[in-house]
Amino acid sequence: MLSAVASAPGGTLSAADAAPNPWFDPSYVSENWDTILRYLAEHVRLTVGAVVLGALIALPLALVARRSRYLAGSVLAVSTIVYTIPSLAMFAFIFPFTGLSAATVLIGLVAYSLVILVRNFLTGLLGVPDDVREAARGMGYGPVRLFWRIELPLALPAFMAGLRMAAVSTVALTTVGVLVGHGGLGQLIFGGFNANFYRAEIVTGAVGCVLLALVADVLLAGVERLVTPWARAGRG
Amino acid sequence: MSAFGEAIVYLNDPFNWTRRGGILELLGEHLAISVVAVLAAWVIAFPVAVALGASGRGGAAVVVVSNVSRAVPTLALLTLFAVSPIGFGNRATTIALTVFAIPPILANSYVGVRGVDADVREAARAMGMTRSQVIRRVDLPLALPLIMAGLRTATVQVVATASLAALVGGGGLGRLVRLGFGQQDYGLIIAGALLIAVLAVFTELVLVLLSWAVTPGPRRLPWAGRRADTAAVVPEPTAAGVPL
């Protein structure tokens, strides 16, 4: 089939190698800067939207789930199944409802970031020692103040670890959105492949994704340092 | 919901399974690519992980490899191999998937072997075991739960990612989804997605059963009754637990 066409007797691609096709080309980046920025912006929008929406849904879910072992067990079971569904299938399932729109990609990405975050939020909340909670209650803390002043700070490292993991994996997953034409930088990867295997465009998209994931991780690590000043003081 | 109805109709037609380029042929292709990729990654990563874990060196490198690999989109790597001189098709797909299967096997096996109690290892040495006997009869059995977790992660990841290969000219079940988009056939899209999702969940189940069967000592199926303490509810640490 396709592979049979591709592997000519020589064993390599003849058509694609006939013209010079460098792996990296600075002139491509400078000439298509506007296009790259547009796709980058879409990529960032989808990633931020998915992680923020995922966190907003995951926090109440984790708070409810920790109340009983039965609920926690079912939340984890469902999240394991969602984890296992490949992204291509996930976007394809949503497609009949939302069509070729960015919403299809966003809903899929929210589902994935949601299951990462709910697991980590639950780990963080269950990791708060019972003695500490008991002591706070003995000092007259109500449930709301207990959450804000005691549980949230103690669970923060696990929360932030979840956010970093969700952000990095969402950046990578967004590329599969090319299936419905909204893959952010994935559009460059896919577009380059369809434009007669244009390597410079593909590499630009791929490197952009890795850099974006790196920036997201570093930014969230910075936020983690800012919101947990006590961890720094302990180390110093 | 008519798309889901059409998908059932498509899946119920035996001809769609048995014809040339039908579901069975694509499934065979999908599985062949996945098995070769996982085996190749195992042959490359497992000895390295055991050697590093037993000597206690190279931990930082393993962590860096496993973290960086998470940031590289699978689609990007599949595309890069497809436009390399290898040429697109099943060979490029298999190589790209092998690259993706290496980090989970490497990281989990390394952590497993590294985490073996030094006292146990010393006791084995004192009983007269040679270095290779210690690895085979002490390190590996004790590290087996994590080694199997790595193998499971890698296998599920490969089976799931193989479906993306269809976007860049590869084979496997992803073809159905791609063809469905090309033909504006919603039923075909959903049918392909169902097959891919079921295959991934099935692979996970098989690997869970396999790890249960080979792990020595007291063992419980993950869905069997848990102990009463809250610690059992805390999610298990997944070395590469990210969606694909």
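Give me the percent relative contact order of region A:135-236, please, defined on Cα pairs under 8 angstrom at least 6 residues apart.
25
What value, in deg cm²/dmol to 500, does the helix sum -39500 (n - 2.57) over DSSP H runs of n ≥ 4 give at 222 nm once divided by the residues of chain A?
-24500 deg cm²/dmol
If each residue's Cβ is checked for other Cβ atoms within 10 Å, how do A:Trp23, B:Trp17 rank with the fewest at the top?
Fewest-to-most Cβ neighbours within 10 Å comes out as A:Trp23, B:Trp17.
I'd like the orientation of helix B:23-55 relative to chain B: the angle between its Cα long axis and the longest Cα principal axis, in ° from 0 to 90, rounded to 10.
20
Given the Cα atoms of region B:1-121, and with Rh set as the inverse mean 1/r over their pairs in the Kirkwood sense, what is Rg to Rh to two decimals?
1.16
Output the Kirkwood hydrodynamic radius of region B:73-217, Cα pairs only, in Å rounded to one decimal.
Radius from the Kirkwood sum: 17.5 Å.
Using all alpha carbons of region A:91-162, what is the percent of pairwise distances in each 5 Å bin, ordered from the shortest bin to the longest?
In whole percents, the pair-distance histogram is 3, 16, 18, 14, 11, 10, 9, 8, 6, 4, 2, 0.
Express in nm, to one decimal, how much length is gained between A:Asn32 and A:Ser74 on full extension, taking 0.36 nm for each residue of separation and deducting their alpha carbon distance.
Fully extending the segment from A:Asn32 to A:Ser74 adds 10.3 nm.
Which listed residue (B:Ala3, B:Ala71, B:Leu173) has the Cα farthest towards the positive end of the charge dipole for region B:2-216, taking +1 on Lys and Arg C-beta and -1 on Asp and Glu C-beta about the Cα centre?
The one lying farthest along the dipole's positive direction is B:Ala71.
Based only on other Cβ atoms within 10 Å, what is the fewest-to-most ordering of B:Leu106, B:Leu26?
So the residues, fewest neighbours to most, are B:Leu26, B:Leu106.
Neighbouring Cβ atoms within 10 Å as the yardstick, rank B:Met127, A:Met165 fewest first.
Final ranking by Cβ density, sparse to dense: B:Met127, A:Met165.
Can you give the log10 of the normalised intensity I(q)/I(0) at q = 0.09, 0.11, 0.13 Å⁻¹, computed with Debye over equal Cα scatterers of the protein assembly as shown?
Each listed q corresponds, in turn, to -0.67, -0.99, -1.32.
Ratio of Rg to Rh for chain B, alpha carbon only, Kirkwood?
Using Cα coordinates only, the ratio equals 1.05.
To the nearest 10 degrees, how steeply does helix A:199-227 sit against the main Cα axis of chain A, on a 0 to 90 scale?
Result, in degrees: 10.
Sequence gap at least 6, Cα distance under 8 Å: using those rules, report the relative contact order of chain A to the nearest whole percent.
Answer for chain A is 26 percent.
Given Cβ point charges of +1 (Lys, Arg) and -1 (Asp, Glu) and nothing else, what value in debye, to the nearest 20, does the dipole of region B:2-216 about its Cα centre take?
600
What residue among A:Pro129, B:Thr161, A:Thr204 has its Cα farthest toward the positive end of the dipole of the protein assembly as shown, where the charges are +1 on Lys, Arg and -1 on Asp, Glu, each on the Cβ?
Checking the options against the dipole of the protein assembly as shown, the answer is A:Pro129.
What area, in nm² and to one decimal, does the C-alpha convex hull of region A:126-236 cast on average over all directions?
With the hull built on Cα positions only, its mean projection is 10.0 nm².
Quick one: putting +1 on the C-beta of Lys and Arg, -1 on the C-beta of Asp and Glu, what dipole do you get for chain A around its Cα centre, in Debye to the nearest 20?
That gives chain A a dipole magnitude of about 1040 debye.
Starting from the alpha-carbon convex hull of region B:63-155, give the projected area averaged over all orientations, in nm².
Over every viewing direction, the Cα hull of region B:63-155 projects on average to 7.3 nm².
Per residue of A:186-195, what is the mean number of Cβ atoms on other protein chains within 10 angstrom of that residue's Cβ?
Per-residue shielding by partner chains comes out at 4.
Counting other Cβ atoms within 10 Å, which trypsin sites (Lys or Arg not before Pro) in region B:131-173 have at most 15 and lie in a DSSP loop?
none
Please give the length that would be gained between A:Asn194 and A:Arg149 if that part of the chain were fully extended, namely 0.36 nm times their separation in residues minus their C-alpha to C-alpha distance (nm, one decimal).
Once the chain is fully extended between A:Asn194 and A:Arg149, it gains 10.8 nm.
Using only alpha-carbon positions, what ratio does the radius of gyration of region B:17-84 give when scaled by 2.2 N^0.38 Å?
1.57
Given labels modelled 7 Å from the Cα in the Cβ direction, how far is it in nm from B:Gln183 to A:Leu59?
So the two model labels end up 4.8 nm from each other.
Using the Kirkwood radius over Cα pairs, work out the Stokes-Einstein diffusion coefficient for chain A at 25 °C and 0.890 mPa s, in µm²/s as a whole number.
120
Among B:Val48, B:Thr98, A:Ser169, flag the residue with its Cα farthest along the positive direction of the charge dipole of the protein assembly as shown, charges on Cβ as +1 for Lys/Arg and -1 for Asp/Glu.
B:Val48
The numbers here are math on the coordinates, done by the rules we state, and not lab data. Given the structure is predicted, the values throughout are model-derived calculations rather than measurements. Don't worry about glycine lacking a Cβ; one is built from the backbone with ideal geometry, like all the others, and counts go over all protein chains shown.
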